[in-house]
Amino acid sequence: MTHPTRADFDQLMVPNYAPAQWLPVRGQGSRLWDQHGRDYLDLAAGIAVTSLGHCHPAMVKALTEQAQQLWHVSNTLTNEPALRLARKLVDATF
């Protein structure tokens, strides 16, 4: 499958959503681009990337740094970033 299309979605995926006919392949800030180079304003950013937009430099930096250390830990274990966040949340709310 060289370049997937919306028709591939219709054939391969369970249709619990009805996505747009175009497929996003790149994002920057509040804009998305499809496979044909057309750009779109991403009005659903709150669902996928919050208000920071796509490829925000601070997020790319943080994710890159984290990916070089530890990407995912099962919830049967704990880890330092989770405990640091938990401490901040408890201190700020209780």
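The values are calculated or read from the model by the stated rules, or taken from the named source; none is laboratory data. Since this is a predicted model, take the numbers as computed values, not measurements. For neighbour counting, all protein chains shown are included, and Cβ atoms are generated from backbone atoms with ideal geometry for every residue, glycine included. Side chains are part of the model used for accessible areas, which takes the heavy atoms of the whole protein and leaves out ligands, DNA and RNA. Shrake-Rupley method; radii C 1.70, N 1.55, O 1.52, S 1.80 Å.
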(message) So in the stretch 15-54, with the set limited to residues that are modelled with pLDDT under 85, under 20 Å from Thr5 (Cα atoms) and not hydroxyl-bearing (Ser, Thr, Tyr), which one is surrounded by the most Cβ atoms within 10 Å (Cβ to Cβ)?
(response) Asp42
(message) Is it the case, given these coordinates, that Val73 is on the phi < 0 side of the Ramachandran plot and open to solvent by less than 60 Å² (accessible area, probe 1.4 Å)?
(response) yes
(request) Could you tell me whether Ser74 is among the hydroxyl-bearing types (Ser, Thr, Tyr) and in contact with a helix residue (DSSP H, G or I) (Cβ under 9 Å, 6 or more places away or on another chain)? (result) no
